[in-house]
1. Determine whether residue A:283 is assigned by TED's automatic domain parsing to the domain that holds residue A:307, of a type outside the set (Ser, Thr, Tyr) and under 22 Å from residue A:157 (Cα atoms).
2. Return the only residue of A:336, A:376 being touching a residue at least 40 places away in the same chain (Cβ under 8 Å) and in the same structural domain as residue A:243 (by TED's automatic domain parsing).
3. Please specify each residue of the stretch A:110-144 satisfying the condition of being under 23 Å from residue A:280 (Cα atoms) and free of Cβ contacts under 8 Å to residues at least 40 places away in the same chain.
4. Can you name the residue in the stretch A:51-60 that is within 8 Å of RNA strand B (Cβ to nearest atom) and either out of contact with any Ser or Thr (no Cβ under 8 Å at 6 or more places or on another chain) or hydroxyl-bearing (Ser, Thr, Tyr) (or both) and is also farthest from residue A:102 (Cα to Cα) among such residues?
5. Can you tell me which of (1) surrounded by 11 or more Cβ atoms within 10 Å (Cβ to Cβ); (2) more than 10 Å from RNA strand B (Cβ to nearest atom); (3) at pLDDT 90 or above is the one residue A:38 doesn't meet?
6. Taking residue A:203 as the residue in question, decide whether it is closer than 30 Å to residue A:102 by Cβ and not charged (D, E, K, R).
7. Please go through (1) surrounded by fewer than 22 Cβ atoms within 10 Å (Cβ to Cβ); (2) hydrophobic (A, V, I, L, M, F, W, C); (3) more than 16 Å from RNA strand B (Cβ to nearest atom) for residue A:395 and return the number of the only condition it doesn't satisfy.
8. Against the condition of a type in the set (Ser, Thr, Tyr) and within 10 Å of RNA strand B (Cβ to nearest atom), how does residue A:23 come out, does it pass?
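The values are calculated or read from the model by the stated rules, or taken from the named source; none is laboratory data. Because the structure is predicted, anything quoted here is derived from the model rather than measured. Every residue, glycine as well, gets a Cβ built from its backbone with ideal geometry; the counts of neighbours run over all protein chains shown.
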Amino acid sequence: MLDIRFIRENPEAVRAGIAAKRSEDVVDQILDLDKERRTIIGEVEQLKSRRNTVSEEIAGLKRTKQPADDKIAEMKGVSDDIAALDQRLREKELALNLLMDTVPNMPHSSVPIGNDAKDNVEVKRWSPNGDDSLFEKRAGLDHLALAEKHGLFDFKRGAKIAAAGFPVYMGRGAQLERAFINFMLDLHTRSHGYTEVLPPFFVNATSLRGTGQFPKFADQVYHMPADELYAIPTAEVPVTNLYAEEMIPVEALPLLHCAFSACFRREAGSYGKDTRGFLRVHEFNKVELVKFTLPENSYEEHEKLTADAERVLELLEIPYRRIICCTGDQSFGNSKQYDLEVWSPVEGAWLEASSCSNFEDFQARRANIRFKRDAKSRPEFVHTLNGSGLATSRLMVAFLETYQEPDGTIRIPEVLHPYLPFTSIA
RNA sequence: GGAGAGGUGGCAGAGUGGUCGAAUGCGACGGUCUCGAAAACCGUUAAGCUCGCAAGGGCUUCGAGAGUUCGAAUCUCUCCCUCUCCGCCA
């Protein structure tokens, strides 16, 4: 959510940001409602002020046992007027908030203007020893064939016991998945300074609104109406909301958390697109990185967070690239977004394995996450950042294809040996 | 699932329908004292909205919502949450 005062004072800048993000321009409606709202506030508060004054006079008269009947009679109508104005005010505020929720975060000045993914800009490419030949399409079994050959996953039985898009990991496939997760958690907690969190996988609607999934993406989240709970689409939701409505001690900033969770996404409307195997699933596993920072440090922390995610791929020696998402492709709530894409040599395609975003104070304002610079200063909103570090599903695809030998054996890189009871899948 | 207790300021914890945004304690901040610190003493100590160039003013907030009343932290109703005990259970 943006600051209403910022919109009031910079309507043209907001209009430009909305246009760059390909969102609907509601600035005029917001300004109108804001004006009406403030007019009503002026009227109703004048009445309330009068009521308070007279109430005190009545109290004074009662205390000295003097009659106050005429003043009481005078106030009877005033309270009704106040109630009517309060009602109108609530209606205006409700309408205003609904619109405010649809305004995206403003893109940072360093983000390229663009329409869609085609306008994203590659800013970095990495492969072991800088070997560019690794970015070529190669012959070999794709991840589904490899999984079949070695009995790593069971998509059919996943569909039987749940639904299509809910993978089952079997045997060495399950162990490999667990090794990825443990490896990433250990890296981020031991080498990158993050504190581990294992959050609930269900949250309430307030939390989803806090991080920006609601109201815009409500149809993408699994809902359990009997208990009014929602399955998390990412650990970003529970972890960011840990400090909702709180004042974080300034000395605790920056606050760094990493969290493993399963992630649940309905992917409504995307049927038929990239549906094979792990390319698009309803449930997947992810280690998420979340930061709470001082406003002036968030862009520096964004670079570090992205580098922390990249480190996973570098240690696993998986070729990847970093792209900066253009204004039309970045997400609703963030101001700057890097995507990390792993190279899938058999698909011959880049697969998104991570998305690292700076939300500035957009989520912090919605969730009311604040800090004070010192005891005397006013509270300010922190900046929140998050990024996958990483999601395992696309990583698994690239990993299996990258590490297959000519005979279909999958070699396990040394960095994972401490996490597995085998060094190859043959 | 059943029974009970409770939700008040950063924390702890009082509160009679009317000088209650709220006693008191702790903490924090500023000051006196000190070479410095501790102790002691004095003072300050919420947030949001709104009007105003500012100084400053106004309004709201005692878990949430509704009600009674001229007036609600205080009375009534509904809901939410926390804790304790019993039952069941991974």
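1. In short, yes.
2. A:336
3. A:118
4. A:60
5. Single failed check for residue A:38: (2).
6. Details: closer than 30 Å to residue A:102 by Cβ: yes; not charged (D, E, K, R): yes.
Yes.
7. (1)
8. Criteria not met by residue A:23.
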